[in-house]
Structures are given as structure tokens and as C-alpha cells.
Amino acid sequence: KVLATSLWPSDSTVGLIFELFNHTDCHYCLQSLRGRKYALREENAYCVTCYDSLFANPCEECKKPIECDSKDLAYKGRHWHEGCFKCAKCSCSLAEKPFAAKDEVLLCTECYSDEYSSKCFHCQKTIMPGSRKMEFKGSSWHESCFVCQYCRQPLGTKPLITKDNENYCVPCFEKQFAHHCYSCKKVMKHTVKKLL
């Protein structure tokens, strides 16, 4: 929709005003548009009242028409006033920020993440969509939380050993828990298996 007033033209409305001279009356009620706001639709000019009654979309939230001088925010064929386009959980405005939909319910990314995203096994915080997560033994971890309990280095996809629900890189596990040969100081591999 294009909304304009048939007063002195600014640079951006010159084309619209020029069109008005071809459409001096409302296409529907036939009242003069001179000196009045009007809207164009499919090259026809309508007074604001006619345009709103014929073409305004109903708002999903308040059910009132979204008049031509209001922002009409649309998502998947549904329409909202700018002030009605809010997160279903926290009621923050979604007009200028990313949002997600779940079962036709619109949520801000924070509420969506809190509700539907995985929680980190270590810190219990939400693993935000799009960030890297590690999965191990049925649990999810932030990449930065999935670390060796001894050296605190990220485990990533390195081999690891779990003891008492704590994860260790192999060198740290061997250093902390494995028995070493008295003579050569190497790890006695059979003791690692027994410790697990």
C-alpha cells in the first residue's frame, strides 16, 4: 500500500502526486481526493476510509483492522499491529528483532531458547541455537564446558575417559589415576581398565 497526501509534493511523492491527477476521486466512493490522504492499490486511488474498510487486514492479537496509516507486520499470512506483535511468553516487542515460531506461537529468541533448546550438562544454561554443542553419553554441553576436569583444556573430539561422572583427557587421566611401572615409568595399561 502507498499512503500519500495530495498537498505540495516532496521529492519522494512527486510520482504519487502525478498519479493523483489521473485519479482525482476515490475509486470506491468517488469522493474527491484533493487535499486528502489517499492510498494506492493496483494503480487505483482510495480515500483512507474506503481503503481501510476494503483492504485492511485484521490484527491477530487485538482483532481490530490494521489501518493504512499503521504498520502492518506479517508472518506466514497472519498480520499484527506493530504494538501487538509481541512474544507470547515475555510480551517483549518482536517488531525489530529476530523471533521463532513453535506450533504457531511466536517467541523472542531468548524465550524460545529457554523453552526448547538443550541445556548444558555442566553449567545448566541454555545452548543457544546456532552455537556449537557437544554431545556425550546422552547429554549436551557447551563446547567451552566440555573440558578435561584436570587441565581444563577442551576435549572436543579427543579421546577421553570418564571416572565418577568427570571427564578427563587420556594424558591427565593417566597422570592422575593410572599406575606407572616402577622401572620404565610408563602407564600400566591394565590398571587403567581396572580403574574404570
Checklist outcome for this item: Reported set for region 96-112 where residues are open to solvent by 80 Å² or more (accessible area, probe 1.4 Å) and either more than 20 Å from Ala74 (Cβ to Cβ) or in a strand (DSSP E or B) (or both) is Glu110
Checklist entry - If we scan region 63-78, do we find a residue that is modelled with pLDDT of 90 or more, out of contact with any Pro (no Cβ under 9 Å at 6 or more places or on another chain), open to solvent by 50 Å² or more (accessible area, probe 1.4 Å) and over 29 Å from Gly130 (Cα atoms)? => result yes
Checklist entry - List, please: which pairs have Cβ atoms under 7 Å, are six or more places apart or on different chains, and start with a residue in region 19-34 that is farther than 16 Å from Ser53 by Cβ and β-branched (Val, Ile, Thr) and end with one that is open to solvent by 100 Å² or more (accessible area, probe 1.4 Å) and modelled with pLDDT under 90? => result Thr24/Arg34
Checklist entry - How about region 71-94: which of its residues are in contact with a helix residue (DSSP H, G or I) (Cβ under 7 Å, 6 or more places away or on another chain) and either of a type outside the set (D, E, K, R) or assigned to a strand (DSSP E or B) (or both)? => result Leu73, Cys87, Cys90
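Limited to region 113-164, what total is found for residues that are part of a loop (DSSP other than H, G, I, E, B), of a type in the set (Gly, Ala, Ser) and either touching a residue at least 12 places away in the same chain (Cβ under 8 Å) or open to solvent by less than 50 Å² (accessible area, probe 1.4 Å) (or both)?
4
The values are calculated or read from the model by the stated rules, or taken from the named source; none is laboratory data. As the structure is a prediction and not an experimental result, all values here were calculated from the model. Glycine gets a Cβ as well: all are built from the backbone with ideal geometry, and neighbour counts include every protein chain shown. Heads up: the accessible areas ignore ligands, DNA and RNA and are worked out on the full protein's heavy atoms, side chains in. Shrake-Rupley method; radii C 1.70, N 1.55, O 1.52, S 1.80 Å.
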